[in-house]
Amino acid sequence: MKSILSILLIIFIIINLSAQLTFDQKTTEKKVMTLLSKLDDAQRSITILDYGDDSRSHWSNLPMEEVNRKGMLVKDMNDAQRIALHDVLRNVLSQQGYQKALFIMQYDEGTHERLKKMFNPIANRYGRHNYWFAVYGEPIKDKTWAFKFEGHHLSLNFSFSEGLVICTPMFTGINPALSRSGENAGTHIMFDEQELGNQLFTSFSATQRKKSIVGNHPKDADVKTKNGNEAHLFDKRGVLFTEMSSNQKLLVEKIIKSWVENLNPILAQTYIQHILNNQDDIIFKWFGTEDINDLHYYAIQSHDFIIEFTHRDGGIDHYHTLWYGLTKK
């Protein structure tokens, strides 16, 4: 009996210690500094920017030539620098999140190859090396600093200060999400983000469904949040979390985790706990028809975050998604 109690006590201690774990910012600082140490003076001058630089607070998913990004282009890195960069990404992302980022970049390479074969002049806008890395402030030296990794269909933004890590905006997109032919036929990137949203909407009663539909599919079929001050963030229409069944609430939690669990597990745990502690503030809204096979957009939002998912123009398999924390960056 004593041995059983001892085992239970150890399990209890482990669980509580795990719950109190905090993300090791110093490891991130060291990994970023390792990358910066591998850059020459000219590369450092374009990679390390002032924390107050305007580009830190602006994100874009547009391909190169359509947006002026700052930082070091992956295409211009040598092998040692790229290895250090991926070490940084693995540190702040989970295995799921890291693989998702790699898939997005590889799909961008597929777009490049496809357009190149067609002799399309915009082919060079795309490719797995057309992504930028920038650091705002300087790790270790500055109490507050940030980094951005961004290119077509991907924007990862991390800000660090004493005891606080802000991990949004996080933009992920894919086209096509579902490969219907060739060697990759059947591969479906970001399946959960799409499928769980559809499951939640179809689980609604007629009354809930009517309340959740707050507009037509957006004309530009894109995510709506750019700077965190838009009018839609204050629109309280939609189905409240408190109006949902237990199964519907579970689906909402799973949807949120589809984004949050892209992060390092310790960071993800912190965000999930915060969201669940304030879950009664959550609203689900839908733009489109009642047919989930039509192009549509959905959002899950509260007073301090929004998650957006939209089927982009050009087909049901083109997704744009965003998780944006509505707090000061």
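The values are calculated or read from the model by the stated rules, or taken from the named source; none is laboratory data. Just so you know, these numbers come straight off a predicted model, no measurement behind them. Every residue, glycine among them, receives a Cβ derived from its backbone with ideal geometry; neighbour counts consider all protein chains shown.
Brief remarks on what is shown
- Restricting the range 185-207 to residues that are more than 27 Å from VAL239 (Cβ to Cβ) and surrounded by 14 or more Cβ atoms within 10 Å (Cβ to Cβ) leaves a set whose member that is modelled with the highest pLDDT is ILE189.
- Qualifying residue in the range 19-37 (condition: assigned by TED's automatic domain parsing to the domain that holds ASN157, more than 19 Å from VAL92 (Cα to Cα) and either at pLDDT below 90 or assigned to a helix (DSSP H, G or I) (or both)): yes
Yes or no, residue by residue, for (1) at positive phi; (2) in the same structural domain as VAL88 (by TED's automatic domain parsing); (3) without any contact (Cβ under 8 Å) to a residue 60 or more places away in the chain; (4) within 25 Å of the chain's Cα centre (by Cα):
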residue	(1), (2), (3), (4)
LEU115	no, yes, yes, no
PHE119	yes, yes, yes, no
ALA123	no, yes, yes, no
TYR126	no, yes, no, yes
TRP132	no, yes, no, yes
LYS141	no, yes, yes, no
PHE149	no, yes, no, yes
LEU154	no, yes, no, yes
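- Some residue of the range 112-121 being over 26 Å from VAL92 (Cβ atoms) and crowded, with 20+ Cβ neighbours inside 10 Å: yes
- The single condition among (1) charged (D, E, K, R); (2) surrounded by 16 or more Cβ atoms within 10 Å (Cβ to Cβ); (3) at pLDDT 90 or above that ARG128 does not satisfy is (3).
- Annotation: of all residues in the range 204-242 being among the small types (Gly, Ala, Ser) and not in a loop (DSSP other than H, G, I, E, B), the one that is nearest to the chain's Cα centre (by Cα) is ALA231.
- Selection status of ILE266, touching a residue at least 12 places away in the same chain (Cβ under 8 Å) and crowded, with 16+ Cβ neighbours inside 10 Å: no
- Filter pass, PHE158 being within 16 Å of the chain's Cα centre (by Cα), buried (at least 21 other Cβ atoms within 10 Å of the Cβ) and closer than 21 Å to LEU36 by Cα: yes
- Of the residues screened, VAL260 is one that is outside the structural domain of SER155 (by TED's automatic domain parsing), closer than 19 Å to GLN199 by Cβ, of a type in the set (Val, Ile, Thr) and touching a Phe, Trp or Tyr at 6+ places or on another chain (Cβ under 8 Å).
- Which numbered condition GLY52 fails, given (1) under 22 Å from the mean Cα position of the chain (by Cα); (2) within 16 Å of GLY137 (Cα to Cα); (3) assigned to a loop (DSSP other than H, G, I, E, B): (1)
- Meets criteria (out of contact with any helix residue (DSSP H, G or I) (no Cβ under 6 Å at 6 or more places or on another chain) and in the same structural domain as ARG209 (by TED's automatic domain parsing)) for ASP280: no
- Picking from residues in the range 56-79 that are out of contact with any strand residue (DSSP E or B) (no Cβ under 7 Å at 6 or more places or on another chain) and in a helix (DSSP H, G or I), the one that is surrounded by the fewest Cβ atoms within 10 Å (Cβ to Cβ) is ASP79.
- ALA221 of a type outside the set (Phe, Trp, Tyr), outside the structural domain of PHE103 (by TED's automatic domain parsing) and surrounded by fewer than 16 Cβ atoms within 10 Å (Cβ to Cβ): no
- Candidates are the residues of the range 237-255 that are over 20 Å from ASN277 (Cβ atoms) and in contact with a strand residue (DSSP E or B) (Cβ under 8 Å, 6 or more places away or on another chain); the one that is surrounded by the most Cβ atoms within 10 Å (Cβ to Cβ) is VAL239.
- Flag for SER181 being small (Gly, Ala, Ser), closer than 24 Å to ILE272 by Cβ, without any contact (Cβ under 8 Å) to a residue 40 or more places away in the chain and out of contact with any helix residue (DSSP H, G or I) (no Cβ under 6 Å at 6 or more places or on another chain): no
- Which listed residue, of ASP291, ASP317, ASP304, is in contact (Cβ under 8 Å) with a residue 40 or more places away in the chain and either in contact with a His (Cβ under 8 Å, 6 or more places away or on another chain) or outside the structural domain of PRO63 (by TED's automatic domain parsing) (or both): ASP317
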